[in-house]
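Since the structure comes first, as structure tokens, the remarks are kept for the end.
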Amino acid sequence: MRIKQIAVSGLFGIFDHVIPLNMDERITIIHGPNGFGKTAILRILNSFFNSRYSELSAISFKKIKVEFDDSTSVEIIKNIHNPKESEKNNIVLNFYKPGSEPAPFSLKRTNSRSDMGFPSSILTDMIPGLERINSRKWLYIPTEETLSLEEVVERFENLLPSGLLVSNFKSKEEPEWLENLKSNIHIRLIESQRLLNFVPNRSARFSGGTPSMLSTVSAYSDELATLMQDKFKEYGTTSQSLDRTFPVRVVKQQPSADLTDEQLRHQLNELEATRSRLIEVGLLDKDEDSEFQIQPQDIDESTKNALSVYVEDVEKKLNVFADIASKIDLLRKIINNKFAYSYKEINFSKEKGFIFTTHYNSPLSNTKNLSPKDLSSGEQHELVLLYELLFKVQPNSLVLIDEPELSLHVGWQIQFLKDLQEITKLADLDVLMATHSPDIIQDRWDLTVELKGPEK
């Protein structure tokens, strides 16, 4: 199930926009002057499909309709007054299915201040970068956003101790159609502020420990190291299981008249190439690379059977790494192509995740190793964005990217769309991005939707 078109009316009380998504090429670019609502549209989609209703309520619009490729659609209407209710229904949802009556559902705002089960004064202690500016407003310094109490609690729920009431919307149980919609449509927003990340203490959610803020590159480096270690453990478990039954399976293996000596040698060579690639991207250690050189005279009917079982086993073992290896390989190719201009290089290891080195020999430094803080802001933006697309988004998702051009020089902007096309194909994604940059678009204006103001 995929989003086919988005139509918003009364955005900021002024704008009406219709955005058809490119279903074939899977990349849609929205552009237009500042203040026309590019970022707001991305936030509306992210807020609704990820149940961030307080944030959805805070965005000024009258109605948005999202159409899907199965001919269904959902309509989100704000500030509809029901005479039977003493208060306004802040958000009303209508679900449309061919041949059926619309299915309505209301989300109602509660008295959030009385519902909060904790003193709001603890928020600045719990959330790095948050500063209180009055009794009901906070400034989030990294993004320079002013947030209400509800927005703070909703956005930083994962940093707060468990057991707190975090939603200022209360409703009866969500209808089945809404649950199905959210389970089938996966949205991830990559915001313009992407260089800082929170790392909660292990005990933060239970003991009230304070999380820390560090560069997103550092956080993702640690995260990738964990992913690589998990895959290596899975590889070990698979290897043990296969090795334990290998002798029995060799004995029971029926001779294969169809497998030629040449085919067998070709399969062995392919396995060695795969092993070498996995070593190169840091998933296997060099001592895992046991070259298997087979001479023509060494292959007879008995060894052929044993080797055919061996080939099948190794293929199963190495297949554990197939997905993550393809993603690391593409990330490394794109990043090293960009980093070459500044004499930097990225590699990977199970222990450290990202490894940055320099090829520039400086009399001021004997070290060739670099830390994430040695990368420029543009280099960090590029790495974070590509990592999110490859490793943090599940297949068949719609990824919303706000201002991908931030801190990128023109050469990188020109190459961005081609890199993105490779990533969407490998990771199986749709992308909707908002940009001001004609260098991002290049000659692909067929992928764009221009946001325009009302006719005068």
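LYS373 - would you say it is in the same structural domain as ILE334 (by TED's automatic domain parsing) and either in contact (Cβ under 8 Å) with a residue 60 or more places away in the chain or assigned to a helix (DSSP H, G or I) (or both)? Judged against the criteria, LYS373 is a match.
State yes or no: is HIS409 at pLDDT below 95 and touching a Gly at 6+ places or on another chain (Cβ under 7 Å)? Yes, satisfied.
Scanning the range 398-435 for residues that are in a loop (DSSP other than H, G, I, E, B) and crowded, with 17+ Cβ neighbours inside 10 Å turns up GLU403, PRO404, GLU405, LEU406, LEU408, LEU429, THR435.
There is at least one residue in the range 319-328 that is crowded, with 20+ Cβ neighbours inside 10 Å, basic (Lys, Arg), under 30 Å from GLN240 (Cα atoms) and out of contact with any Pro (no Cβ under 9 Å at 6 or more places or on another chain).
Per-residue answers, yes or no, for (1) outside the structural domain of GLU345 (by TED's automatic domain parsing); (2) more than 28 Å from LEU400 (Cβ to Cβ); (3) modelled with pLDDT of 90 or more; (4) surrounded by fewer than 15 Cβ atoms within 10 Å (Cβ to Cβ):
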position: ASN197; (1), (2), (3), (4): yes, no, no, no
position: PHE206; (1), (2), (3), (4): yes, yes, no, yes
position: SER221; (1), (2), (3), (4): no, no, yes, no
position: ALA225; (1), (2), (3), (4): no, no, yes, no
position: MET228; (1), (2), (3), (4): no, no, yes, no
position: PRO247; (1), (2), (3), (4): no, yes, no, yes
position: GLU262; (1), (2), (3), (4): no, yes, no, yes
position: ARG265; (1), (2), (3), (4): no, yes, no, no
position: ILE279; (1), (2), (3), (4): no, yes, yes, no
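For the range 145-169, the tally of residues that are surrounded by fewer than 14 Cβ atoms within 10 Å (Cβ to Cβ), in contact with a helix residue (DSSP H, G or I) (Cβ under 9 Å, 6 or more places away or on another chain) and either among the basic types (Lys, Arg) or modelled with pLDDT of 70 or more (or both) stands at 1. Of everything in the range 173-190 that is among the hydrophobic types (A, V, I, L, M, F, W, C) and more than 16 Å from the chain's Cα centre (by Cα), the residue that is surrounded by the fewest Cβ atoms within 10 Å (Cβ to Cβ) is TRP177. Evaluation of GLU382 against the conditions (1) over 23 Å from LEU45 (Cβ atoms); (2) not in a helix (DSSP H, G or I) shows that the sole unmet condition is (2).
The values are calculated or read from the model by the stated rules, or taken from the named source; none is laboratory data. For clarity, every value in this text was computed on a predicted model and none was experimentally measured. Positions of Cβ are generated from backbone atoms using ideal geometry, with glycine treated the same way; all protein chains shown enter the neighbour counts.
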